[in-house]
Amino acid sequence: MRARWLIIAVIVSYFIMLIGGGALKPGYSHVGQFISELNATGTPNAQLIGWLGFMPFGVLSALLIISLSGIAPVAGASRVGYWLLLMEPVAYIGSAFAPCDIGCPVEGSASQMIHNSLAAVTYIFTAVGLVLLASSAKLPGRVRVLLAGLAVVWLTLFTIMLDSSLEPWRGLLQRLAEWIVYGALLILAWKLSADDSKLNDEAAMKAL
């Protein structure tokens with residue numbers, strides 16, 4: 001049951017980062033601005049949000065993935081996919097070290113370029129990870145379909161939010177992508193961790 005406490009901690013830390021960070025950022029728009037803009041260089045409370053918002057969420061998310069790795073019903077390529085999900089927490093931790101410039105432009109400072117590169121790799125690796133996870137024969141069919149669908153949703157929303165004509169909505173599109181994918185994965189993690197001290201592959205599959 002320890003994993004469930006981690007799941008709760010991940011959810012709480014996410015909303016502290018998102019809502020608390022937004023409250024500390026005068027004029028910030030959750031609809032029109034990327035999450036990364038919460039700690040954009042040179043903006044109010046940027047370091048506070050980065051180190052006490054992005055960092056805890058990233059670390060807790062990584063710990064959750066690691067803690068469930070021993071009971072996740074995956075093997076071979078799907079296990080590779082499972083570990084690729086670590087790119088999400090790595091991206092948030094990386095954002096604390098390499099924040100974006102104001103507005104998160106395509107080009108900018110060295111920190112912005114590192115930030116952009118990390119974001120691009122993360123979005124692609126997360127999609128690939130979901131597809132590889134969906135290949136697991138140890139997972140029920142409905143879960144495999146769900147994971148494949150999440151990959152499509154993830155990439156679709158990522159592509160749309162980069163459309164300059166939809167810039168006023170890019171923050172909302174990014175949040176939808178995260179809420180849908182993170183939400184589904186956390187629900188699966190909750191089911192998987194029903195009794196993480198006793199689960200084996202067969203029991204884990206049944207739990208899902």
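Details
- If you go through segment 64-81 and keep only what is surrounded by fewer than 20 Cβ atoms within 10 Å (Cβ to Cβ), part of a helix (DSSP H, G or I) and of a type in the set (Ser, Thr, Tyr), you end up with just Ser67.
- Every residue from segment 159-195 that is farther than 22 Å from Ser13 by Cα and surrounded by fewer than 19 Cβ atoms within 10 Å (Cβ to Cβ): Thr159, Ile160, Leu162, Asp163, Ser164, Ser165, Leu166, Glu167, Pro168, Trp169, Asp195
- Taking segment 11-34 as the range and being in a helix (DSSP H, G or I) and open to solvent by 10 Å² or more (accessible area, probe 1.4 Å) as the test, the residues that pass are Ile11, Val12, Ser13, Tyr14, Phe15, Ile16, Ile19, Gly20, Gly22, Ala23.
Per-residue answers, yes or no, for (1) small (Gly, Ala, Ser); (2) in contact with a Pro (Cβ under 6 Å, 6 or more places away or on another chain); (3) in contact (Cβ under 8 Å) with a residue 40 or more places away in the chain:
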| site | (1), (2), (3) |
| --- | --- |
| Tyr28 | no, no, no |
| Thr41 | no, yes, yes |
| Asn45 | no, no, no |
| Met55 | no, no, yes |
| Ala62 | yes, yes, no |
| Ser67 | yes, no, yes |
| Ser78 | yes, no, yes |
| Met87 | no, no, yes |
| Ala96 | yes, no, yes |
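- Which listed residue is over 17 Å from the mean Cα position of the chain (by Cα) and either closer than 23 Å to Arg4 by Cβ or among the polar types (S, T, N, Q) (or both), from Val106, Val74: Val74
- Selected residue (only one of Glu37, Glu88 is open to solvent by less than 40 Å² (accessible area, probe 1.4 Å), over 14 Å from the mean Cα position of the chain (by Cα) and either under 17 Å from Phe15 (Cα atoms) or of a type in the set (Val, Ile, Thr) (or both)): Glu37
- Filter result (touching a Leu at 6+ places or on another chain (Cβ under 6 Å) and either within 14 Å of Ser136 (Cα to Cα) or in a loop (DSSP other than H, G, I, E, B) (or both)) within segment 83-109: none
- Residues satisfying the stated conditions in segment 68-101, i.e. out of contact with any Phe, Trp or Tyr (no Cβ under 6 Å at 6 or more places or on another chain), at pLDDT 95 or above and either under 17 Å from Ala40 (Cβ atoms) or of a type in the set (Val, Ile, Thr) (or both): Val80, Val90, Ala91, Ile93, Gly94, Phe97, Ala98, Pro99, Cys100, Asp101
- Residue that is nearest to Tyr28 (Cα to Cα) [pool: residues in segment 43-63 that are aliphatic (A, V, I, L, M) and either out of contact with any helix residue (DSSP H, G or I) (no Cβ under 8 Å at 6 or more places or on another chain) or open to solvent by 10 Å² or more (accessible area, probe 1.4 Å) (or both)]: Ala46
- Only residues that are within 14 Å of Ser36 (Cα to Cα), open to solvent by 40 Å² or more (accessible area, probe 1.4 Å) and not small (Gly, Ala, Ser) were counted across segment 115-142, and they come to 2.
The values are calculated or read from the model by the stated rules, or taken from the named source; none is laboratory data. As the structure is a prediction and not an experimental result, all values here were calculated from the model. Using ideal geometry, Cβ is built from the backbone for each residue, glycine included, and neighbour counts are taken over all protein chains shown. Side chains are part of the model used for accessible areas, which takes the heavy atoms of the whole protein and leaves out ligands, DNA and RNA. Shrake-Rupley method; radii C 1.70, N 1.55, O 1.52, S 1.80 Å.
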